[in-house]
Amino acid sequence: MPRITNIHSHIFTGRCAPDYFFRMALPSWADRWADEIKAFLEKRWMRRLIKFFASRRGNSQLLRYLQFIEVGTQSTQEEVFTSMQRAYAALGADTRFVALTLNMDHMDTQPSGHARIDDQLAEAERVRSHFPDALFPFLGVDPRHKQGADLLGWAREKIDRRAFFGIKLYPSIGFFPFDPALDQLYDWAEQEQVPVMTHCTRSGTYYTGSMSNVLPNMRPPTLNPAAAKQMDSIYKRIGRFRESDFTWKDSKYGCNIFLHPENYEPVLHKYPDLKLCFAHFGGDDEMLPAKFKQPLREKGIDATNWHDEIKRIMGLLDDSGRPMYENVYADISYTLSNKDVYPLLNTLMRTPLAGRILFGTDFFMTVREKSEAELLQQCTTNLENGHFQRMAAANTTDYLRSRIYDPEVPFA
Amino acid sequence: MNPTQAAFENPYLDTIISLVLVYALLSILVSIIVEGWNRQLKARGVFLQRMVFKLLDDPVNKNYGYRIYQHPIISKMRKDGNGYPHYIPAEGFANALIDSLAEQAYTTSYRAFLGDSDVNDRYSTNSLSAAERAQLVFKKVVAPTTTGSSGKELAPGDRLVAGVRAMADSELKSLLANFIERNMKSFKADANSPEALRLDIDKLKGEIGHWFDDYMDRCSGQFKEQQRRKLWIAGFLVAITLNVDSLHLTKVFLLDSDLRESMVAEAERVADGYEAEKQRLGRDTLSTEELMSVAQNAMDSAQRKAVLEQREKQLEQLTQVDSVFDAQAEQVLAHVRSWQLPLGWNRTEAPWSWFPALGGERLKEIPKEFKPSQRALLDHFRKRNKGSFGNFIKWMAGILISSWSLSLGAPFWFEALSKLINIRRSGPKPKTLQERNA
């Protein structure tokens, strides 16, 4: 019987985030007081005081936000992990958690004294040694950290000894997934069937510096020049992003260029068996376009619906009518916090894509919306006909399986 | 210096001394506010953490600062979940660093096992039967990181050497390698065995501890520099809350020789107490608490009480004037009497006196019976109590000067006070009040 797996969670702490990271969570008017606000919010008595007033005024959004800060400001990854694990007690003790580490070292050119990626990984590895059969971390990869053979050697050393089980990409921090520096890593990951998870929703973390640092020219290099058609479409979009002040001056929107699902087509064209998961399935705002405003669409910069685009890539057929990319998955993390997406998810689970939709929550990002236990409850209640079991157990097991790690084999 | 030694009298010097005494006492209050602020925002802990991260940040390898903050020796020093310790003892730092480096001597991996047999290589080449695969278990294996190691359990010193050897070449690695090299000692397992070199771990801990202490000394200077902004804000808060107008105080000290004299006498006691405390503790600087105790001791002395009583009598004489404005003068002088200094918020004092609608009161005329010196003092009060743009600018300038002065901190003002008192004592002895009256 396959075990339940939360394929998408985070356990890194505030110490792993750059000093300027917190500013992204604040409204722009509060930006200049970020350090002071952070220091105050990190104080338990201050959060209690705000919670008291927020609960009297019925401000649930503020309460959730404080909860998010409370988790993020815990001092060790082990504390964050165990707080997530507690929410799954009802599902049994053998739930697995994929914790996605995140390389936040290149989010800006500003100096920062945070714990860098190797420190974050070392701590995650230590927590894993305490929970070897429950915690399965993925490696946060950034082509500006290491490149080519160096990157491959670094990642391989960790995945080969089963300290890490997959690769996590977060392109909106300022790189394209078709960066040639990732070529050897993809090649190896495809051969070994090591899963790759990539962030794919218009919201989330992004490069906070100037767009000119991360998008210096119209035609960034690609690992697959042979995919001329796909690259041509990507280059045209880059041109539109560079020409518009809206995306060029505000990296929050500008960094959407790195996340676009179409960016993976040159990669998949070269590595069709690569095990790739589009996290968040494009996001609830893309799944329910009628309910959300999409500024880039309204301004004519990018009219693509990312959810539809992911489904298109997952459903592409070759000349013989077989799926082109059978190893492309999507997870419903964070998206599942919106109740309105469940009818759509139930419909999708009745399509041929059903075997490639994964359960994940995006803990602790989702604490802003609902507690982990509430999310779990909402998901199991609203998904019909064993869909939850299929997403969370069978599909996640298939996705995690590689030549290095067999999810059926327990850790002693 | 003995207070009875020769000294010279100069109203300007005495005014400066009086002003410095006020700053010295009030800047203790500023220090207390900033300390409270730092405690609330855990500023010391955060600063220490940043400095340790900076010291041990090795971009080629890891941030060992982060690692030592994860070490139980340091992490258990936290008072709550998200705080940092305010202080790390050198020995604790050295132990945590050595452990974090030694940890690198080993790597943890999870290998495929069939019972007690390591079949990881067969698993990798996919040469296990289905029945064997069904019985597989992944087990934790801890092995030496560096190649060429015998695989045996290493002694603590050897583990540290191996951990440093496992690092990629970097400045920090060179520094650590030098530490290790300097602390190697000859060792003989027994009388017949050849001499070998072995790391003297206790000596190494001592050297790392000294290195950390030296670094912390430099950091404390940086921390003080960082506190300037806070000190200025706290100085401004104290100046505005207590209405400390430096320009006004200067004028009052210049005009009121009695007040000046009592302030100088008190300043001498404080300076003597300060020097005595420094000598007793064998230190050049005193903490806020120690400075507060110096000030309190000086104020509690019997001599101080006598001066206060004498001063009160003088003030009473001054106010024994039959005049229509007696009450107002009494109010101004009562304020001076109660505070001993023209500080605080009072309805007869600027800036409150500028707003009659809010209860502010002004002196309209100076009683003729007042002596010229007293008249000059009251004339100053009268002029200052009129609401005008010029007065506002002067008051604001006085507050800002006080804010800046108070932000210099109590140690600075106590030191300045001590030096000024020494200068004062270097001239001929001034006449006492009784001598002058006679």
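Confirm whether A:Pro171 is touching a residue at least 40 places away in the same chain (Cβ under 8 Å), within 13 Å of chain B (Cβ to nearest Cβ) and in contact with a Phe, Trp or Tyr (Cβ under 7 Å, 6 or more places away or on another chain).
So A:Pro171 does not fit the description; no.
I'm trying to understand the selection: among the residues of the stretch A:393-412, which are within 14 Å of chain B (Cβ to nearest Cβ) and open to solvent by 10 Å² or more (accessible area, probe 1.4 Å)? Let's see the steps before the verdict.
Taking the stretch A:393-412 and keeping what is within 14 Å of chain B (Cβ to nearest Cβ), we get A:400-412.
Residues satisfying the conditions are A:Arg401, A:Ser402, A:Arg403, A:Ile404, A:Asp406, A:Glu408, A:Pro410, A:Phe411, A:Ala412.
When you scan the stretch B:56-65, do you find a residue that is acidic (Asp, Glu), within 11 Å of another protein chain (Cβ to nearest Cβ) and either open to solvent by 10 Å² or more (accessible area, probe 1.4 Å) or not in a helix (DSSP H, G or I) (or both), even just one? Let's see the steps before the verdict.
Initially, the stretch B:56-65 is screened for residues acidic (Asp, Glu), giving B:57-58.
From the residues that got through so far, the ones that are within 11 Å of another protein chain (Cβ to nearest Cβ) too are B:57-58.
Subset that is either open to solvent by 10 Å² or more (accessible area, probe 1.4 Å) or not in a helix (DSSP H, G or I) (or both): B:57-58.
Yes, there is a match, as at least one residue in the stretch B:56-65 is acidic (Asp, Glu), within 11 Å of another protein chain (Cβ to nearest Cβ) and either open to solvent by 10 Å² or more (accessible area, probe 1.4 Å) or not in a helix (DSSP H, G or I) (or both).
Take B:Phe93 and tell me if it is crowded, with 19+ Cβ neighbours inside 10 Å, in contact with a Phe, Trp or Tyr (Cβ under 6 Å, 6 or more places away or on another chain) and more than 11 Å from every other protein chain (Cβ to nearest Cβ). First the steps, then the outcome.
On the way: crowded, with 19+ Cβ neighbours inside 10 Å: yes; in contact with a Phe, Trp or Tyr (Cβ under 6 Å, 6 or more places away or on another chain): yes; more than 11 Å from every other protein chain (Cβ to nearest Cβ): yes.
Spelling it out, B:Phe93 is indeed crowded, with 19+ Cβ neighbours inside 10 Å, in contact with a Phe, Trp or Tyr (Cβ under 6 Å, 6 or more places away or on another chain) and more than 11 Å from every other protein chain (Cβ to nearest Cβ).
Which of the residues belonging to the stretch A:134-156 are of a type in the set (Asp, Glu) and either at pLDDT below 95 or open to solvent by less than 40 Å² (accessible area, probe 1.4 Å) (or both)?
Here is the first cut: in the stretch A:134-156, the residues of a type in the set (Asp, Glu) are A:142, A:150.
A:Asp142 - this is the single residue of the stretch A:134-156 that is of a type in the set (Asp, Glu) and either at pLDDT below 95 or open to solvent by less than 40 Å² (accessible area, probe 1.4 Å) (or both).
Starting from residues that are more than 27 Å from the chain's Cα centre (by Cα) and charged (D, E, K, R), keep the ones in the stretch B:377-428 and report whichever is least open to solvent (accessible area, probe 1.4 Å).
Applying the filter and picking the extreme gives B:Arg425.
What helices (runs of 4 or more DSSP H), lying completely within the stretch B:385-438, carry at least 1 residues that are under 23 Å from B:Gln227 (Cβ atoms), modelled with pLDDT of 90 or more and touching a Gly at 6+ places or on another chain (Cβ under 8 Å)? Steps first, please.
Working: elements: B:389-407, B:410-425, B:433-437.
Output list reads B:389-407.
Inside the stretch B:72-90, can you point out the residues that are crowded, with 19+ Cβ neighbours inside 10 Å, in a loop (DSSP other than H, G, I, E, B) and free of Cβ contacts under 8 Å to residues at least 40 places away in the same chain?
B:Asn82
Return yes or no: is A:Asp302 out of contact with any Cys (no Cβ under 6 Å at 6 or more places or on another chain), open to solvent by less than 10 Å² (accessible area, probe 1.4 Å) and among the acidic types (Asp, Glu)? If you could, list the steps in order and put the result at the bottom.
Values: out of contact with any Cys (no Cβ under 6 Å at 6 or more places or on another chain): yes; open to solvent by less than 10 Å² (accessible area, probe 1.4 Å): yes; among the acidic types (Asp, Glu): yes.
When the stated conditions are applied, A:Asp302 passes them.
Scan the stretch A:301-309 and tell me whether some residue there is over 27 Å from A:Leu102 (Cα atoms) and of a type outside the set (D, E, K, R).
Applying the first criterion (over 27 Å from A:Leu102 (Cα atoms)) to the stretch A:301-309 yields A:301, A:303.
Among the residues that remain, those that are also of a type outside the set (D, E, K, R) are: A:301, A:303.
Among the residues of the stretch A:301-309, at least one is over 27 Å from A:Leu102 (Cα atoms) and of a type outside the set (D, E, K, R), which makes the answer yes.
When the residues of the stretch B:235-267 are narrowed to those that are modelled with pLDDT of 90 or more and charged (D, E, K, R), which ends up farthest from B:Phe414 (Cα to Cα)?
B:Lys251
Restricting to the stretch A:254-300, count the residues that are part of a helix (DSSP H, G or I) and not aromatic (Phe, Trp, Tyr).
Taking the stretch A:254-300 as the starting set, the residues that turn out to be part of a helix (DSSP H, G or I) are A:254, A:256-259, A:261-270, A:284-287, A:295-298.
Okay, now just the ones that are also not aromatic (Phe, Trp, Tyr), so A:254, A:256-257, A:259, A:261-263, A:265-270, A:284-287, A:295-298.
Within the stretch A:254-300, residues that are part of a helix (DSSP H, G or I) and not aromatic (Phe, Trp, Tyr) number 21.
Going through the stretch B:12-40 one residue at a time, which ones are open to solvent by 30 Å² or more (accessible area, probe 1.4 Å), of a type outside the set (Phe, Trp, Tyr) and within 14 Å of chain A (Cβ to nearest Cβ)? Spell out the reasoning first.
Taking the stretch B:12-40 and keeping what is open to solvent by 30 Å² or more (accessible area, probe 1.4 Å), we get B:12, B:16, B:25, B:29, B:32-33, B:35, B:37, B:39-40.
Then keep just the ones that are of a type outside the set (Phe, Trp, Tyr); that gives B:16, B:25, B:29, B:32-33, B:35, B:39-40.
Passing the criteria: B:Arg39, B:Gln40.
Listed residues B:Ser186, B:Ser124, B:Ser193; which is open to solvent by 40 Å² or more (accessible area, probe 1.4 Å), out of contact with any Ser or Thr (no Cβ under 6 Å at 6 or more places or on another chain), away from chain A (no Cβ under 14 Å) and among the small types (Gly, Ala, Ser)?
Within the list B:Ser186, B:Ser124, B:Ser193, the selection yields B:Ser186.
Are there any pairs, at least 6 apart or on different chains, whose C-beta atoms fall under 7 Å, with the first in the stretch B:242-270 and touching a residue at least 24 places away in the same chain (Cβ under 8 Å) and the second surrounded by fewer than 21 Cβ atoms within 10 Å (Cβ to Cβ) and aromatic (Phe, Trp, Tyr), and if so, which?
These pairs meet every condition: B:Asn243/B:Trp345; B:Asp245/B:Trp395.
Do you know which of the residues in the stretch A:369-385 that are within 23 Å of A:Gly283 (Cα to Cα) and outside any helix (DSSP H, G or I) is nearest to the other protein chains (Cβ to nearest Cβ)? It would help to see each step written out before you state the result.
Within the stretch A:369-385, the first condition is being within 23 Å of A:Gly283 (Cα to Cα), and the residues that meet it are A:369-384.
Keeping just the survivors that are outside any helix (DSSP H, G or I) gives A:369-371, A:383-384.
Details: A:Glu369: 23, A:Lys370: 23, A:Ser371: 19, A:Leu383: 31, A:Glu384: 33 Å.
Ranking the qualifying residues of the stretch A:369-385, first place goes to A:Ser371.
Could you tell me whether any residue of the stretch A:118-128 is open to solvent by less than 10 Å² (accessible area, probe 1.4 Å) and over 29 Å from B:Lys54 (Cα atoms)?
Within the stretch A:118-128, the subset open to solvent by less than 10 Å² (accessible area, probe 1.4 Å) is A:119-121, A:123-124, A:127-128.
Then keep just the ones that are over 29 Å from B:Lys54 (Cα atoms); that gives none.
Scanning the stretch A:118-128, I find no residue that is open to solvent by less than 10 Å² (accessible area, probe 1.4 Å) and over 29 Å from B:Lys54 (Cα atoms), so the answer is no.
Looking at (1) outside any strand (DSSP E or B); (2) at pLDDT 95 or above; (3) closer than 28 Å to A:Glu190 by Cβ; (4) not polar (S, T, N, Q), can you tell me which one A:Ala330 breaks?
(1)
Can we say B:Arg280 is surrounded by fewer than 14 Cβ atoms within 10 Å (Cβ to Cβ), modelled with pLDDT of 80 or more and not β-branched (Val, Ile, Thr)? Don't jump to the end; show me each part of the working.
Details: surrounded by fewer than 14 Cβ atoms within 10 Å (Cβ to Cβ): yes; modelled with pLDDT of 80 or more: yes; not β-branched (Val, Ile, Thr): yes.
Yes.
In the stretch A:98-124, what count of residues is obtained for those that are at pLDDT 95 or above and at the interface with another protein chain (Cβ under 8 Å from one of its Cβ atoms)?
Going through the stretch A:98-124 one residue at a time, the tally reaches 0.
Give the number of residues within the stretch A:176-199 that are open to solvent by less than 10 Å² (accessible area, probe 1.4 Å) and touching a Pro at 6+ places or on another chain (Cβ under 6 Å).
3
I need the full set of residues from the stretch A:125-139 which are among the small types (Gly, Ala, Ser) and within 11 Å of another protein chain (Cβ to nearest Cβ), in order please.
A:Ser129
Given (1) at pLDDT below 95; (2) under 30 Å from A:Gly321 (Cβ atoms); (3) part of a helix (DSSP H, G or I), where does A:Thr366 come up short, assuming only one miss?
Answer for A:Thr366: the failing condition is (2).
Could you please let me know if B:Tyr69 is of a type in the set (Phe, Trp, Tyr), crowded, with 19+ Cβ neighbours inside 10 Å, within 11 Å of another protein chain (Cβ to nearest Cβ) and not in a helix (DSSP H, G or I)? Steps first, please.
Numbers: of a type in the set (Phe, Trp, Tyr): yes; crowded, with 19+ Cβ neighbours inside 10 Å: yes; within 11 Å of another protein chain (Cβ to nearest Cβ): yes; not in a helix (DSSP H, G or I): no.
Here the answer is no, as B:Tyr69 does not meet what is asked.
How many residues are among the polar types (S, T, N, Q) and under 21 Å from the mean Cα position of the chain (by Cα) when one looks only at the stretch A:379-394?
Of the stretch A:379-394, the ones among the polar types (S, T, N, Q) are A:380-382, A:385, A:389.
Now restrict to residues that are under 21 Å from the mean Cα position of the chain (by Cα): none.
Result for the stretch A:379-394: 0.
Exactly one of (1) over 30 Å from A:Ser402 (Cα atoms); (2) facing chain A (nearest Cβ under 8 Å); (3) among the basic types (Lys, Arg) is unmet by B:Arg44. Its number?
The failed condition is (2).
The values are calculated or read from the model by the stated rules, or taken from the named source; none is laboratory data. Just so it is clear, the model here is predicted, and its values are computed rather than measured. Cβ sites come from the backbone with ideal geometry, for glycine too, and all protein chains shown count toward neighbours. Side chains are part of the model used for accessible areas, which takes the heavy atoms of the whole protein and leaves out ligands, DNA and RNA. Shrake-Rupley method; radii C 1.70, N 1.55, O 1.52, S 1.80 Å.
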